[in-house]
1. Residue by residue through segment B:243-260, which ³J(HN,Hα) values in whole Hz follow from phi under the Karplus form 6.51 cos²θ - 1.76 cosθ + 1.60 (θ = phi - 60°), with glycine and proline marked x?
2. In peptide B:152-162, how many Cβ atoms from other protein chains are near each Cβ within 10 Å, on average?
3. Where only protein heavy atoms count, and the probe is 1.4 Å, what is the accessible area per residue for segment A:83-123 in Å²?
4. What's the long-distance tail for the protein assembly as shown, i.e. % of Cα pairs beyond 35 Å?
5. Take the alpha carbon atoms of segment B:83-161, find their center, do the same for segment A:365-380, and report the distance between the two centers in whole angstrom.
6. Work out the FRET efficiency for A:Asn78 and B:Ala358 from their Cβ-Cβ distance, taking R0 = 35 Å, and round it to the nearest 0.05.
7. Choose one of A:Leu249, A:Gly20, A:Met447: the residue whose Cα lies farthest towards the positive end of the charge dipole of the protein assembly as shown (beta-carbon charges +1 Lys, Arg; -1 Asp, Glu; about the Cα centre).
8. Where both residues lie in segment A:361-448, what percent of DSSP beta bridges are antiparallel, nearest 5?
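The values are calculated or read from the model by the stated rules, or taken from the named source; none is laboratory data. Model, not experiment: these values are computed from the prediction. Here the Cβ positions follow ideal geometry from the backbone for every residue, glycine too, while neighbour counts run over all protein chains shown. Areas reflect the complete protein model, heavy atoms only, side chains present, ligands, DNA and RNA absent. Shrake-Rupley method; radii C 1.70, N 1.55, O 1.52, S 1.80 Å.
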Protein chains: 2
Amino acid sequence: MSKPSIPKGTRDFIPKEMAGRNFIFNTAKSVFKKFGFQQIETPAIENLKTLTGKYGDEGDQLMFKLLNRGDKFKKAVNGISEHSKESDFAELALKYDLTVPFARFVVQNRNELTFPFKRYQIQPVWRADRPQKGRYREFYQCDVDVVGTDSLLCEVEFIQIFNEVLTALKIPGFSIKLNNRKILAGIAEVVGEADKIIDITVAIDKLDKIGLDKVNEEMIAKGVSQDAINKLRPVIKLSGSLDGKIASLKSFLKESQIGMKGVEELEFIFNYASNLNVAHSLELDVTLARGLNYYTGAIFEVTCEGFKGSICGGGRYDGLTDLFGLKGVSGVGVSFGADRIYDVLLDNNLFPENGLEALDVFFVNFGEKEERFVMPLVSELRKENVSVEVYPSAAKMKKQMSYANAKDARFVVLVGESEIESGLIRVKNMESGDQTDITFDVFMDIMKK
Amino acid sequence: MSKPSIPKGTRDFIPKEMAGRNFIFNTAKSVFKKFGFQQIETPAIENLKTLTGKYGDEGDQLMFKLLNRGDKFKKAVNGISEHSKESDFAELALKYDLTVPFARFVVQNRNELTFPFKRYQIQPVWRADRPQKGRYREFYQCDVDVVGTDSLLCEVEFIQIFNEVLTALKIPGFSIKLNNRKILAGIAEVVGEADKIIDITVAIDKLDKIGLDKVNEEMIAKGVSQDAINKLRPVIKLSGSLDGKIASLKSFLKESQIGMKGVEELEFIFNYASNLNVAHSLELDVTLARGLNYYTGAIFEVTCEGFKGSICGGGRYDGLTDLFGLKGVSGVGVSFGADRIYDVLLDNNLFPENGLEALDVFFVNFGEKEERFVMPLVSELRKENVSVEVYPSAAKMKKQMSYANAKDARFVVLVGESEIESGLIRVKNMESGDQTDITFDVFMDIMKK
């Protein structure tokens, strides 16, 4: 028997890790609910044709496909040739993200949904990426979207949501970066390279990582003119106060209708957020593009202190359900990077101190007679929603106490023969180390609080 | 563009369905936690060799395998012959149940776990079964297990857990059936067919479904002697009070050591449950086998009124981690059939009445000015953990009210120009239909309660 193992890039979650993840997801969920978002789920498995072509060639390659079974497998084997492709052997695939299945979901279930439709979804996705630190082949995404309205109030509410979730999680020094795809389009237009908007945005999106010189090199390689690059410089290097940045942008983009529209949207969102006191963590970043071409309006990214890369992202998209034949549905959504947020909390020691799933009370087991005596007391405590365990056998005290410690027990209760006789139970507070002999009723009163 | 669809046997969960499932899982989780169980997760994907051979030939066939990618795919194509098998094209598979991956998990992570290890796990599994009503290819399992102790206190606690979860869910007339594999072994021994225990138990497990004659036919077909079948009859037809049944069993099994051990365990569990007042729903059923040969002690099954088939099941197993090289680990666990419980609740109209994810407050949007006025009030309410939505645009009243209805809003708040002037907001109670004009502070006080 070889040692058991799991596929590379996948993970087991032991209780401690699971409790940490639950802490993050429960915190996020409670905020989503306050804003009227409702949870949905879609299958892990989608028809291959639903996903193919939606993520570019790389996505098609990195998708996990399910092997056809039975007769379909035999047919593929019989029809084999040097041209045989993976897709000859597969009709189903594991979902690659939550976005495309969500678009499919909206179109397929549209008669049962109420629009604007506000949903959140927390499920795993699968990508056959090369595994590396912090990157997995199976990982959870946590997406929140509103579809069916182009109201910018949604963007404002997402800023509130970012603030509320990340504040509740005590994420250190987070910063919500905002841009607008229309501003990027305007910039490309103004520098005379409207048709190279994708190349330009992909390049300047890397500014933080590779620096201005490399960004310029990349643009030249893509055929962007030196003249355009020179014109771009002041916008890329935009700095100073928000008002100053917006004034510069207005002046730079004055000839571009779409660009000015982008600035208008941006100003509206900033003003609204400011009135609602959630603009303190908000920052305009015209180099923000997130490499995603389906964004059509606002683009979001959240970073925090001491962590490289973003912990959240998102934006507005107008054509997502077009993919499945439903036009004219505008939507906006954001995604919380659960694994990254987990790492930030772990690195900064920010998980709740007293243990995430601490056991309230542990009863030492002194033998059959004592066990039978305490079990009804245990039931009483559980009725009050107290978590309680009795060690299942009269093992050595040392073993039982090390179990109580491992379960982070807050109180250990000892009921031996003398306690049964005296009617007092011995209660040890595991944090303070204090030990007292009290009646069970008194203990119940303490635990009810 | 063809109509979007999902693979057969899979499901989307719209908000209403998701809320129902969350109600079930959250109810169960809160009970599991009170008993000291902690949540874990394992990957959806396991190495094919971890799963192969663990579920019999049928399981191997119904397992969803992942197609090898890139070079491995090409290698399989190049090596093709008439003998090519599905496993030549796959090294990974989707998990088929939670049990085998859990055994793998325990062995692989044993140095990080505390034993006895009490875990629950709620995750989807995949089986390429022929889809039919109530049977899916992707479905959730909800398993709770203790491993690393043979204490019968665990069995008693599972009876408490069944009672508490099913009572909290208001499942009508549920009955917890209990048997013991050792009793089945004893019966086979006493009738002189010890080596046919599996054939005998598989046959009598079907008694409810096919009746005694067919059960006897099946046993004869498997080579069980007529003499043995005659001897079996009184045990199979065991009825009457619990004490009477146990007395009959003791007399029947008196020559079988293993059989008597089974009765002893059964009696212990019944007595203990009775002392803890959870024996009222408990029933001894010597025909219960659940067709699962890995059970070695207690066997559980739960049924309820108005539903055919079981809604929960489980039992004790001694050899589960043997599969992965770790011997001597006894465990006991139960499984809640989430889809079946969902159907029972739906059929009996047992989901909480006021909507599972009702919105607390909906603000009608009368236009930009009014929206800007109400948004800070909305934030105030959300700070008190009230769920609130503002319609994102000043759409027609009818449209906004139908949205409020679809979201099950408890209160609709109307703040138009006159309300802004008067300082009173108009609040409509959607259940009673009552409408009052009150200050926002008064409304806040109401919502805080």
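1. 4, x, 4, 5, 4, 4, 4, 4, 5, 5, 9, 4, 8, 9, 5, 5, x, 5
2. Mean shielding by partner chains, rounded to a whole number: 2.
3. 31
4. Considering the protein assembly as shown, 60 percent of its Cα-Cα pairs are separated by more than 35 Å.
5. 31
6. 0.05
7. The residue sitting farthest along the positive end of the dipole is A:Leu249.
8. Restricted to segment A:361-448, the bridges split so that about 55 percent are antiparallel.
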